[in-house]
Amino acid sequence: MSMSAVNRTILAVIGIALLLGGLLVLAGGLDLYGRLNATMPDGWPLTSPHQPVLGAATRADWSDRVWFWPVVIAVPAVVVVGALGWLYAQLHRAGPSTVTVPVPGGAGVALRMRKRALQDAVETEVIDLPQVDKVTVRASGASHRLLLRSTVRLEPGADTARLVRTLDDGPLENARTSLGLAELPCRLRLTASVRRRSAGPKARRVV
C-alpha cells in the first residue's frame, strides 16, 4: 500500500470516529433524545445535556483503582500528541508546494514552479518509455533536498534493468538539468501488469 493510500485510510478512520463522537455529544447536548421521546439502550452515552461523559456509577466503580484516572488522562493526551506528530510529519515531508528553477543569465531572478507541474512533466516522459504501462510521481522536500517517489507499472516481460537505466538517463536527468541539481534522488517502486496491453497509443494521463 502506498503512503498516500495509508494517509487517506488513516484520515478516513479518524474522521469517521470523530464524526460519530461529535454527533453523539451534539445529540446529548441538544437534548435530542428527550425532544424526540427516544428511548436509548442502557449504557448509551450522553443522553441529556446534564449527563457527564463518565457517569457517577462508573466513577464510583473505578475510583478505588489508582491507575484509572491517570489512564483516563494519559490516553487522550497520547492520542492528541500522536495526531499532532503525524500532522507535523506530513507537512515536514511534503515541504513547500513549489521548487526553484534557475534562470540562465538571470542574475537575481528567481523562478518558482509548482511541484505538481514537475510531477506532471516527469510522468509525461516516463509514460513514453518502452514497456511502461502506468506511472505516478510525487515530489517532496525543499528545492535543495528534493526527493521524488515514483511507482511504475511495467508491461509483462519488461526489462527492469533497462528501464531503470533509461529512467535515470532520460526523465530524471532532464529534471536534474532543468532544476540545476547535481543530484535528484528517486525512490522507485516497480510493479508488473497482470495482462498484456492491447495495441494502441498510450494514455497521456497516468494514475
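Bear in mind that the values in this text are calculations on the coordinates, not laboratory data. Quantities reported herein were computed from a predicted structural model and do not represent experimental measurements. Backbone-built Cβ (ideal geometry, glycine too); neighbour counts: all protein chains shown.
In percent, how large is the relative contact order of the chain, given Cα pairs closer than 8 Å and 6 or more residues apart? List each step's numbers first, then the result.
Working: 210 pairs, mean separation 30.0, N = 207.
With pairs under 8 Å counted, the relative contact order is 14 percent.
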Listed residues L23, L84, L172, most fluctuating in the chain (Gaussian network, C-alpha, under 10 Å): L23
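Any idea what the alpha-carbon Rg over 2.2 N^0.38 Å comes to for region 12-90? Walk me through the numbers before you get to the answer.
On the way: Rg = 15.9 Å, N = 79, 2.2 N^0.38 = 11.6 Å.
Ratio of Cα Rg to 2.2 N^0.38 Å: 1.37.
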Over all distinct Cα pairs, what is the inverse of the mean 1/r for the chain, reported as the Kirkwood hydrodynamic radius in Å? 22.2
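Mind ranking 117-126, 180-189, 131-140 by how tightly packed they are, going by the mean number of other C-beta atoms within 10 angstrom, highest first?
Numbers: 117-126: 18.2, 180-189: 12.9, 131-140: 19.9.
So the order, starting with the most tightly packed, is 131-140, 117-126, 180-189.
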With θ set to phi - 60°, apply the Karplus curve 6.51 cos²θ - 1.76 cosθ + 1.60 along region 18-32 and write out the HN-Hα couplings as whole Hz, x wherever there is a Gly or Pro. 5, 5, 5, x, x, 5, 5, 5, 5, 4, x, x, 8, 6, 5
If each DSSP helix of 4+ residues adds -39,500 (n - 2.57) and the sum is divided by the residues in the chain, what number results at 222 nm, nearest 500 deg cm²/dmol? -14500 deg cm²/dmol
